[in-house]
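Step one of this worksheet: look at the structure below.
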Amino acid sequence: MLNYAIKRIGLAVLIIFLVMLAMYAMVFLVPGDPASLALGPRATPELKQALMESMGLDKPVYVQVWNFFRNALTGDLGYDVWSKRPVADMILEVFPQTLFLGAVALGTAVVLGIGLGCLAVLWRGSLADRLLAVLSVSMISVPSFVIAIYLLLIFAVWLGWFPAIGAGEAGNVKSQIQAVILPAAAIGITWVGYIARLVRASMLDVMGANHVRTARAFGLTERKIVLRYALRIAIIPTIAILAVGFGSILSSAVFVETVFSRPGIGSLITGAVLKRNYPVVMGAVLFMTAFYLFVVTAADLLMAYLDPRIRDVLRG
Amino acid sequence: MSELLLSVKNLSVSYDTEAGSLQALRRANLAARAGEVIGIVGESGCGKSTLASALINLLATNARVVEGSVDFNGRDILSLSAEEKRHVRGRHIAMIFQDPMTSFNPVLRLGDQLVDFQDQLDLPQREKRERACAMLARVGIPDPAYNMNRYVHELSGGMRQRVAIAAALLMTPDVLIADEPTTALDVTMEAQIIHLMRELRHDYNGAIIVITHHLGLVGELCDRVYVMYAGQVVEEGSTDDIYHNPRHPYTQALNACDPAHLEEAVATLPTIAGRLPDLVTPPQGCSFVDRCPIATTHCRNAPPAMVEVAAGHHALCHEARR
């Protein structure tokens with residue numbers, strides 16, 4: 001298990017390094033150097049030269065890559081071209097907002113999804129099961145930015161139940177929770193559908209397995225069979241999908257934070273892209289990549305913890 | 001004669017399928033006494049697994065008991081409430097399942113499962129572990145304490161079957177059902193498991209019911225045999241009767257197909273020509289009529305009755321008395 005953990009973490013570090021290389025390549029492939037883009041067409045050559053030097057762009061590319069990598073490892077992601085603030089500080093300032101949004105969205109989706117999935121198993125074959133199937137598929141197929149706009153229109157503009165924009169007053173938990181409900185719903189609804197379908201399928205699969213029959217043959221209670229014997233296996237595919245899906249949650253945060261004008265990594269990136277603020281874009285994307293890898297690695301370790309067969313495959 | 005533990009009376013079970021109601025079990029009778037080992041033999045689809053499921057009260061959701069009863073301890077266990085059925089399972093009637101690889105939970109340690117299987121016993125957790133450990137040692141698992149901490153996929157096929165037998169014996173059930181206990185094993189392992197089960201016979205006082213399509217296993221283990229065909233018990237008798245003096249043409253054909261009965265090597269093994277009848281609309285007369293070498297018109301029209309051909313030897317055949 002420890003060996004496996006070390007392998008996984010090593011792999012994650014390697015991936016981060018490759019992502020950094022790719023990002024650097026991207027900056028150089030886009031026409032125009034970052035300094036002239038930042039300063040505009042009327043900048044003097046001296047000013048441009050000074051900015052190039054301060055951004056380290058006058059040095060050979062391999063030195064630049066190395067510097068970026070080394071600085072990133074020590075937590076230094078460069079400085080905002082406009083405000084001169086450290087990018088790392090800007091990210092850490094808004095990241096809790098994105099994390100809160102993502103956690104509320106995903107947490108609700110997991111609870112509702114597993115609940116609906118289990119109900120569908122209990123009611124399998126009935127009208128309710130079929131209605132749940134239609135509902136889940138509709139939830140999966142509507143994109144989150146469409147849901148976001150409708151939610152805004154109905155619940156914020158017409159009904160006025162929730163604020164339309166912002167993240168609530170700082171320090172006021174109630175207003176923060178009110179402000180997070182609509183954007184979290186916009187992101188999470190798709191996942192309720194996914195998880196419900198997945199849990200239904202894997203639960204039905206496991207409940208029909210021979211080992212569940214064995215447990216029944218020994219007179220175990222149905223409750224113990226579902227919670228201890230079946231759910232632990234049925235939950236594994238859901239964890240795998242959630243880890244991968246976390247990437248898509250982060251990218252829907254980019255839309256949703258813009259639609260709801262919430263501060264967060266998503267709106268930080270959107271704003272920085274519009275202003276060609278390269279250090280901020282690169283820093284924020286790198287941070288999200290690292291965070292995503294952290295989540296995927298954690299999910300892999302969790303699956304290996306839950307299923308000894310995965311551990312053996314990885315060990316062997 | 002020893003105490004009657006379990007008796008199946010006129011049991012008929014149907015499965016609701018898209019093609020109609022499939023009559024998997026038709027008026028089957030069976031009696032199991034303490035200390036007795038009973039064999040149930042027949043080809044695939046003859047109803048032996050349905051009978052086993054009915055005995056342990058785990059019929060599939062689309063199965064329906066049309067008539068009959070399974071009497072255990074003076075009560076019909078098929079008419080108990082779900083909760084009462086649960087208390088009979090494992091505690092009084094236990095089962096050794098066919099494929100030990102898939103019949104243990106893959107993500108829980110074997111020892112933890114063996115402890116869970118004793119849920120119905122009112123004992124402290126530690127004592128349950130000790131009992132499990134002792135039982136593993138009893139069925140010949142080396143280093144039981146170590147193997148308690150392993151998962152099912154880490155054991156060999158023979159070891160898994162030993163653990164499955166240990167699990168079923170843990171609760172000292174009155175009736176032990178072994179569903180194809182050696183089918184998943186190679187020949188060497190099979191011999192070892194048969195040897196183990198013969199050994200266990202001596203200290204076990206309940207009834208053992210062995211379900212198999214393997215006549216050799218029956219010969220090695222059983223006192224009495226029920227031969228099933230197309231959902232019916234077609235012949236019942238002592239193992240000697242069934243082997244050496246079979247009276248039903250199906251039993252005779254089965255014996256002729258057993259490679260152990262062949263006198264010399266042959267290029268192709270003998271088979272019984274024809275197929276099982278469609279059990280959605282079973283034949284009006286005898287079920288075996290289409291494959292039977294001695295069938296008459298009477299066999300086609302009238303269903304045969306069980307006749308006693310000798311003391312304790314019955315056959316479901318019009319021609320058996322001759």
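The values are calculated or read from the model by the stated rules, or taken from the named source; none is laboratory data. These numbers were taken from a predicted model, which means no experiment stands behind them. For neighbour counting, all protein chains shown are included, and Cβ atoms are generated from backbone atoms with ideal geometry for every residue, glycine included.
State which residue pairs qualify: first residue of a type in the set (Lys, Arg) and inside segment A:262-283, second residue in a helix (DSSP H, G or I) in any location, beta carbons under 6 Å apart, and separation of 6 or more residues or different chains.
Sorted first by the residue in segment A:262-283, then by its partner, the pairs are A:ARG276/A:LEU37.
Only one of (1) among the aromatic types (Phe, Trp, Tyr); (2) modelled with pLDDT under 75; (3) part of a helix (DSSP H, G or I) fails for A:TYR24. Which number is that?
(2)
Given the conditions (1) surrounded by fewer than 24 Cβ atoms within 10 Å (Cβ to Cβ); (2) at negative phi; (3) more than 12 Å from every other protein chain (Cβ to nearest Cβ), which single one is not true for B:ASN149?
(3)
Being surrounded by fewer than 18 Cβ atoms within 10 Å (Cβ to Cβ) and either of a type in the set (S, T, N, Q) or within 13 Å of chain A (Cβ to nearest Cβ) (or both) is the filter here; which residues of segment B:122-138 pass it?
Scanning segment B:122-138 gives a single hit, B:GLN125.
Of (1) touching a Gly at 6+ places or on another chain (Cβ under 6 Å); (2) within 29 Å of B:VAL175 (Cα to Cα), A:GLY208 satisfies all except one. Which?
Of the numbered conditions (1) touching a Gly at 6+ places or on another chain (Cβ under 6 Å); (2) within 29 Å of B:VAL175 (Cα to Cα), the odd one out for A:GLY208 is (1).
Which ones in segment A:227-241 are of a type in the set (A, V, I, L, M, F, W, C) and touching a residue at least 40 places away in the same chain (Cβ under 8 Å)?
A:ILE233, A:ILE235, A:ILE236, A:ILE239, A:ALA240, A:ILE241
Need at least 1 residues that are under 30 Å from B:ALA167 (Cβ atoms) and not polar (S, T, N, Q) per element, so show me which helices (runs of 4 or more DSSP H) inside segment A:138-235 make the cut, counting only ones lying wholly within it.
Per the criteria, A:173-207, A:210-217.
Could you tell me whether any residue of segment A:169-192 is polar (S, T, N, Q), more than 14 Å from chain B (Cβ to nearest Cβ), over 30 Å from B:VAL88 (Cβ atoms) and buried (at least 21 other Cβ atoms within 10 Å of the Cβ)?
Looking through segment A:169-192, at least one residue is polar (S, T, N, Q), more than 14 Å from chain B (Cβ to nearest Cβ), over 30 Å from B:VAL88 (Cβ atoms) and buried (at least 21 other Cβ atoms within 10 Å of the Cβ).
Regarding B:LEU155, is this residue touching a residue at least 12 places away in the same chain (Cβ under 8 Å), touching a helix residue (DSSP H, G or I) at 6+ places or on another chain (Cβ under 8 Å), farther than 23 Å from B:TYR15 by Cβ and crowded, with 17+ Cβ neighbours inside 10 Å?
Yes; evaluated as a whole, the condition is true for this residue.
Any chance you could count how many residues in segment B:246-262 are surrounded by 22 or more Cβ atoms within 10 Å (Cβ to Cβ) and either more than 21 Å from the chain's Cα centre (by Cα) or of a type outside the set (A, V, I, L, M, F, W, C) (or both)?
Adding up the residues that qualify gives 6.
Could you give me the residue pairs with C-beta distances under 9 Å whose first residue belongs to segment A:204-221 and is at positive phi, whose second residue is assigned to a helix (DSSP H, G or I) and hydrophobic (A, V, I, L, M, F, W, C) wherever it lies, and which are 6+ apart or on separate chains?
Pairs found: A:GLY219/B:VAL88.
Counting residues that are surrounded by fewer than 17 Cβ atoms within 10 Å (Cβ to Cβ), which strands (runs of 3 or more DSSP E) fully inside segment B:33-116 reach at least 2?
B:63-72
Would you mind stating whether B:ILE209 is crowded, with 20+ Cβ neighbours inside 10 Å and closer than 10 Å to B:GLY39 by Cα?
For B:ILE209, the condition - crowded, with 20+ Cβ neighbours inside 10 Å and closer than 10 Å to B:GLY39 by Cα - is met.
Just give me the residues in segment A:211-263 being of a type in the set (Gly, Ala, Ser) and either under 19 Å from A:GLY107 (Cα atoms) or away from chain B (no Cβ under 11 Å) (or both), in sequence order. Give the steps one after another, and end with the answer.
Step one: of segment A:211-263, the residues of a type in the set (Gly, Ala, Ser) are A:215, A:217, A:219, A:230, A:234, A:240, A:243, A:245, A:247-248, A:251-253, A:261.
Once the filter is applied, which keeps residues that are of a type in the set (Gly, Ala, Ser) and either under 19 Å from A:GLY107 (Cα atoms) or away from chain B (no Cβ under 11 Å) (or both), segment A:211-263 yields A:ALA234, A:ALA240, A:ALA243, A:GLY245, A:GLY247, A:SER248, A:SER251, A:SER252, A:ALA253, A:SER261.
Listed here are the residues, each with its yes/no results for (1) away from every other protein chain (no Cβ under 14 Å); (2) in contact (Cβ under 8 Å) with a residue 24 or more places away in the chain; (3) more than 28 Å from A:ALA234 (Cβ to Cβ).
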{"site": "B:ILE40", "(1), (2), (3)": "yes, yes, yes"}
{"site": "B:CYS46", "(1), (2), (3)": "yes, yes, yes"}
{"site": "B:LEU51", "(1), (2), (3)": "yes, yes, yes"}
{"site": "B:VAL65", "(1), (2), (3)": "yes, yes, yes"}
{"site": "B:GLY74", "(1), (2), (3)": "yes, no, yes"}
{"site": "B:LYS85", "(1), (2), (3)": "no, yes, no"}
{"site": "B:HIS92", "(1), (2), (3)": "no, yes, yes"}
{"site": "B:GLN98", "(1), (2), (3)": "no, yes, no"}
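Looking at (1) modelled with pLDDT under 80; (2) exposed (fewer than 13 other Cβ atoms within 10 Å of the Cβ); (3) not hydrophobic (A, V, I, L, M, F, W, C), which one does A:GLY56 not meet, given that it meets all the others?
(2)
Hey, B:TYR243 hits all of (1) under 29 Å from B:MET171 (Cα atoms); (2) aromatic (Phe, Trp, Tyr); (3) assigned to a helix (DSSP H, G or I) but one; which does it fall short on?
The number of the failed condition is (1).
Being of a type in the set (A, V, I, L, M) and either at pLDDT 90 or above or in contact with a strand residue (DSSP E or B) (Cβ under 9 Å, 6 or more places away or on another chain) (or both) is the filter here; which residues of segment B:17-45 pass it? If you could, list the steps in order and put the result at the bottom.
Our first condition is that a residue be of a type in the set (A, V, I, L, M); within segment B:17-45, this holds for B:19, B:22, B:24-25, B:28, B:30-32, B:34, B:37-38, B:40-41.
Scanning segment B:17-45 gives B:LEU22, B:ALA24, B:LEU25, B:ALA28, B:LEU30, B:ALA31, B:ALA32, B:ALA34, B:VAL37, B:ILE38, B:ILE40, B:VAL41.
Could you grab me the full set of residues in segment B:288-318 that are part of a loop (DSSP other than H, G, I, E, B) and free of Cβ contacts under 8 Å to residues at least 60 places away in the same chain?
Residues satisfying the conditions are B:PHE288, B:CYS292, B:PRO293, B:ILE294, B:ALA295, B:THR296, B:ALA302, B:PRO303, B:PRO304, B:ALA305, B:ALA311, B:HIS318.
For segment B:15-53, how many residues meet the condition of being more than 24 Å from B:ILE96 (Cα to Cα) and among the small types (Gly, Ala, Ser)?
Selection size over segment B:15-53: 3.
Do we have B:ASP119 as within 8 Å of chain A (Cβ to nearest Cβ), acidic (Asp, Glu) and not in a strand (DSSP E or B) here?
yes
Restricting to segment B:154-178, give me the number of residues that are in a strand (DSSP E or B) and at pLDDT below 90.
Of the residues in segment B:154-178, 0 are in a strand (DSSP E or B) and at pLDDT below 90.
Picking from B:THR212, B:THR182, which residue would you name as being under 30 Å from B:GLY285 (Cα atoms), β-branched (Val, Ile, Thr) and in contact (Cβ under 8 Å) with a residue 24 or more places away in the chain? So that I can check it myself, show each step before the final result.
On the way: B:THR182 fails: under 30 Å from B:GLY285 (Cα atoms).
B:THR212 is the lone residue from the list that is under 30 Å from B:GLY285 (Cα atoms), β-branched (Val, Ile, Thr) and in contact (Cβ under 8 Å) with a residue 24 or more places away in the chain.
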